[in-house]
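Below is one structure, written out as structure tokens; comments come after it.
Values in this text are rule-based calculations from the coordinates and carry no lab data. The structure presented is a predicted model; accordingly, all values stated were derived computationally and were not measured. Don't worry about glycine lacking a Cβ; one is built from the backbone with ideal geometry, like all the others, and counts go over all protein chains shown.
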Amino acid sequence: MADLLLELFCEEIPARMQVAAARQLEDAVTARLKDAGLGFKAAEHFSTPRRIGLFVSGLPKEQPDITEERKGPRVSAPEKAIEGFLRAAGLASLDECETRADKKGDYYVAVIERPGQKTADVIAALVPEVVRGFHWPKSMRWGGGNLRWVRPLHSILCTLDGKVVPFDVGGIKAGEVTFGHRFHAAGEIKAPTFDKYKERLREARVILDRTQRKDVIWREAAHLAESSGLEVERDDALLEEVAGLVEWPMALMGTFDAAFLDLPPEVLITAMRSHQKYFALRDAKTGGLANKFVFVSNLEAEDGGKAITAGNERVLNARLSDAKFFWDQDRKLHLDDLSLSGIVFHERIGFLEDKVERTAALALGIVGPTAEKDVRVNVTEAAKLSKKDLKTSMVYEFPELQGIMGAYYAAALDYPEEVTRPIREHYSPVGPTDEIPTGVVGQVIATADKLDTLVGFFRNDIRPTGSRDPYALRRAALGIIRILVETQRKLHLIPLIQSNYALHESGHQRLAAALDKAEPFSVDETVSVLLSFFADRLKVYLRDKGARHDLIDAVFALRDKDGNPPDDLVAIVARVEALGAFLDTDDGKNLLAGYKRAVNILRIEEKKDKTSYVGKAVKKLMSEEAEKALAGAIAEADKAAAVAPKTEDFKGAMAAVARLRAPVDRFFDEVTVNADKKDVRENRLKLLSQIRASLEGVADFSKVEGG
Amino acid sequence: MTDAPDRSFQGLILTLQRYWAEQGCVILQPYDMEMGAGTFHPATTLRALGPRPWNAAFVQPSRRPTDGRYGENPNRFQHYYQFQVILKPSPDDIQQRYLDSLGALGIDWRNHDIRFVEDDWESPTLGAWGLGWEVWCDGMEISQFTYFQQVGGFEVEVVSGELTYGLERLAMYVQGTDNGFDLEFGGKKPDGTPFTYGDVFHQAEVEFSAYNFEHADVGVLTQHFKDHEAECQRLLKAKLPLPAYDQCIKASHCFNLLDARGVISVTERQAYIGRVRELARGCCAAWLESPQGRTDGAEGE
């Protein structure tokens, strides 16, 4: 058994790319090993700011030998054919062939023994392929070379059982050396095995394991905080990022001017984390922010970190003094008076000012005319103020404070909490785990803002493709789904999309850039693509909750009398749940089987007869008890099911069709559909089409899998 | 290097010039034209294209009219200095050479936390982009570091490494001051104290802020933009990339001034940027046909 150690050492890799790259390296190398018939015991990847690497243990020393047989021509075949066969098989003469016999006589067989390649040779061939084919989010060339990597690649360590696997990529020869910490341990380190590698890197002040680096940072940070009676503000994303910025983490604590504690805590935390990657600290007793912070350096300084701390303190004080200046300036402005005029939301969609107007209108449409008056007033005020903070210096400097600053500045003008809270929360939820806005007004504005965004982009045929979703439209749709479903707010999306579309269309301030571009989608096209986008997002949302995607398709495929798909997300979810529960019952399973049987027969017969059997079966052509019973049951089920969707009693609708199960089973047991008499046969086929229609009134069962 | 480097503003410049001269760089003087960043210097933009090796270092005064604060903000100036280094092809040890330059300035890595933090560079007006970092010293950004990949819309043949030191930031760091105007510039007043950055530039910041925001004549600038644009195109037809590129630089500065005057709408802004980029592309294309730029450009030509 042999162990592979591979390390690609380069200049500083962006923190956000390191883990994915190391994983990609592992996947690419192990997939190729497996393809080459080389199994292994275990594989692990690792990454630091300057290296990604991989350790694979328990590889065989060589590939298994492969015996390949190639059938040749008959012994009686012309000489030319035999020569060609020998050449193709790489054989010198017929002596190396076997002769075998079948019914037609004797023929040649070439038995080719392919000895397995040495594992080292396989690796020497595959690693250069992996390096050349590596996918970085952005890659570059350097110097005079043509190799691409995220930043210049400097060395490759590749050993199998402690011996160098020799190969060359873009002029870089694989070897058994690496490099330690940039400052603490310049110079080469010989590290032929994984144990030596880890140990010598550690001596050279590199903690290879990311989890370990995070632990060290967190432990040291907590310890420093504790020594001052403080607690570290938990921030996993920041911890992850910082672990990607250092190879030898040293946590240090600094202080900033206590006068800055007058700033909103969100401002302090953002100033510390977004640019500087500092951890905020809180008083362990009161929970209030302290005028101290923890930061992580990549150096064990000779002066114990005094100069580093002083430098970082100076930077933070300067940043906070900027923030204080913005805070004071912004509060002198009246949020009411700030004009969004001239700010472009998107060149194809138009100005932000218009977006706010549309959002306010849409939000009022969502709460509806029957809402209490003060709700409508608050919706209007909060919507109109919602984006104004984009004109403030603070949000210009710290875009992630949008909404939050608006709420502070509105509060400074004595707007009530019913208005300020929605301003703060209307961007939520920003992710699948983020909370939705807490009150009705915030929920409605958040929904309206996102729906207006979606209509604007979809109308212009700007949609997410593959992994590209630069305007976070998937997140917007998921946000709407979560708000509506989690608050059980019933809403018909189609009329809202239509009225919002009309506002987009009549937007009087069109941008020049929008004019020479392609014609936007029509309102019907927009409704259709947007609803199927919601359907896709809903599938993802419900799949995470365990629902079957085919059931969602089955519900979305329903059409009302105007041909519109269902557009009330709450009702759709209820129907999917009812359908799922029904199909889990015995009745459901059997009925689905009966439905599929009916549909299959119909499809075959309709195709054969080139006609459609949609229609109502007539009583006088029914001779068998079973078909009469079925016709009666369908009539009753249709009556019950017709009432149910109006009352949105989907369980009731399912129960109504469930009663068809026994008559359908009996029909198939006792009745021959393809009767000799033409009119009887046609009548029975019509009855089958009635089964289909009845069930498809509840959901499109043709989309349901199984049965 | 001496043990105690001169930390005055001009001392930093002298140290950097000496250091990069020792590294084989041509020490150029600032280009005699208004530009937004050292990257606009033809010694960077044009020389980055084509196969020929090139090593140069220079101070470039950089003008960003919208950054004017009438001398009231201690950190933001509409005129400041960049120290620019271009090494082509980028040497394997370029990071180490950069770090050694910090050492020459008296920034000792043993007590300072120096970090390369992801920061990709893009110039829409030059049609250029590259990958690299901003360099942090104890949490403060002191330099930009870029490997050029594309210039004027053309993929570079040989990659240049570009280092840009923000001299004011760097000087504030090594002198330990939070106010740019308090920086010790150098020289000596009759009382023996050095001139400050404020002594040298404060009045200029006040006056140019007034010019950039209030007095620059929009009609004249708009006309100048058109004239420089037309002149650039005319010179390109005459296959004179260097004079044409001067006109491109001038057009770009007119645009920056118009932008500061607040008369360019968002859409127009894109259009102006596109027009400058078109000029830059033309200049780069012509450069690639010129003796210093083309692939077959023999050394003796």
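Below are the figures for this structure:
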| quantity | calculated |
| --- | --- |
| Value in Å of the Kirkwood radius, where segment B:93-141 supplies the Cα pairs that are averaged | 12.2 |
| Restricting segment A:599-707 to trypsin sites (Lys or Arg not before Pro) in coil, as DSSP defines it, with at most 12 other Cβ within 10 Å | A:LYS610, A:LYS677 |
| Net charge over other residues, Cβ less than 13 angstrom from the Cβ of A:GLY116 (K, R count +1; D, E count -1) | -2 |
| Test item: A:267-278 mean partner chain Cβ contacts at 10 Å | 1 |
| Rg and Dmax [Cα atoms of segment A:259-341; Å; Rg one decimal, Dmax integer] | 15.9, 55 |
| Projected label distance in nm at A:GLU188 and A:ARG331, using a 7 Å step from Cα toward the beta-carbon | 6.3 |
| Value of [θ]222 nm, deg cm²/dmol, for chain B, DSSP H segments ≥ 4, -39500 (n - 2.57) each, nearest 500 | -12500 deg cm²/dmol |
| Per-residue [θ]222 nm for chain A (sum of -39500 (n - 2.57) over DSSP H runs n ≥ 4, rounded to 500) | -15500 deg cm²/dmol |
| Residues of type lysines that A:LYS71 reaches as a straight line, Cα spacing below 21 Å, ignoring anything fewer than 8 places off in the same chain | A:LYS80, A:LYS103, A:LYS104 |
| Nearest-0.05 FRET efficiency for A:SER467 and A:SER339, computed from C-beta distance (R0 22 Å) | 0.05 |
| Debye log10 I(q)/I(0) at q = 0.12, 0.13 Å⁻¹ for segment A:1-143, Cα point scatterers | -0.66, -0.70 |
| Rg to Rh quotient for segment A:277-420, alpha carbon positions, Kirkwood Rh | 1.12 |
| Compactness relative to 2.2 N^0.38 Å, alpha carbon Rg of segment A:528-661 | 1.19 |
| Point-to-point label distance, A:LYS490-B:TYR70, nm (Cα→Cβ direction, 7 Å offset) | 6.1 |
| DSSP-defined beta bridges in chain A - what % are antiparallel, rounded to 5 | 95 |
| Partner chain coverage, peptide A:289-297 - average Cβ within 10 angstrom | 1 |
| By average C-beta atoms within 10 angstrom, highest first, the peptides A:166-172, A:147-153 | A:147-153, A:166-172 |
| Diffusion coefficient, µm² s⁻¹, Stokes-Einstein with Kirkwood Rh over alpha-carbon pairs of segment A:66-114 at 10 °C and 1.306 mPa s | 146 |
| P(r) histogram, all alpha-carbon pairs of the protein assembly as shown included - 20 Å bins from 0, percent | 10, 30, 34, 19, 7, 0, 0 |
| Neighbour-limited loop hits for GluC sites (Glu not before Pro), segment A:205-301 (at most 16 other Cβ within 10 Å; DSSP other than H, G, I, E, B) | A:GLU300 |
| Diffusion constant of segment A:344-546 at 20 °C, which comes from Stokes-Einstein with the Kirkwood Cα-pair radius and 1.002 mPa s, µm²/s | 124 |
| 23 Å Cα-Cα threshold exceeded, pairs from A:LYS214/A:LYS292; A:LYS490/A:LYS561; A:LYS391/A:LYS450; A:LYS41/A:LYS173 | A:LYS41/A:LYS173 |
| Exceeding the 20 Å Cα-Cα cut-off - candidates B:LYS88/B:LYS237; A:LYS190/B:LYS88; A:LYS61/A:LYS163; A:LYS616/A:LYS677 | B:LYS88/B:LYS237; A:LYS190/B:LYS88 |
| Peptide A:311-317, shielding by other chains (average Cβ, 10 Å cutoff) | 5 |
| Amide H contacts of B:GLY139 (H built 1.01 Å from N, under 5 Å, at least 5 apart or other chain) | none |
| Cα-only radius of gyration and Dmax that characterise segment B:149-214, units Å | 18.2, 55 |
| With 10 Å bins from 0: P(r) over segment A:121-213, alpha-carbon pairs, percent | 15, 38, 40, 7 |
| Residue order, fewest to most surrounding Cβ atoms within 10 angstrom, among A:ILE66, A:ILE349, B:ILE264 | A:ILE66, B:ILE264, A:ILE349 |
| Debye log10 I(q)/I(0) for segment A:210-330, one point scatterer per Cα, at q = 0.10, 0.16 Å⁻¹ | -0.28, -0.73 |
| Label zone at B:LEU14, where the point sits 7 Å out along the Cα-to-Cβ direction: segment B:185-205 residues whose backbone N lies under 11 Å | B:186-188 |
| Kirkwood Rh (inverse of mean 1/r, distinct Cα pairs), chain B, angstrom | 20.2 |
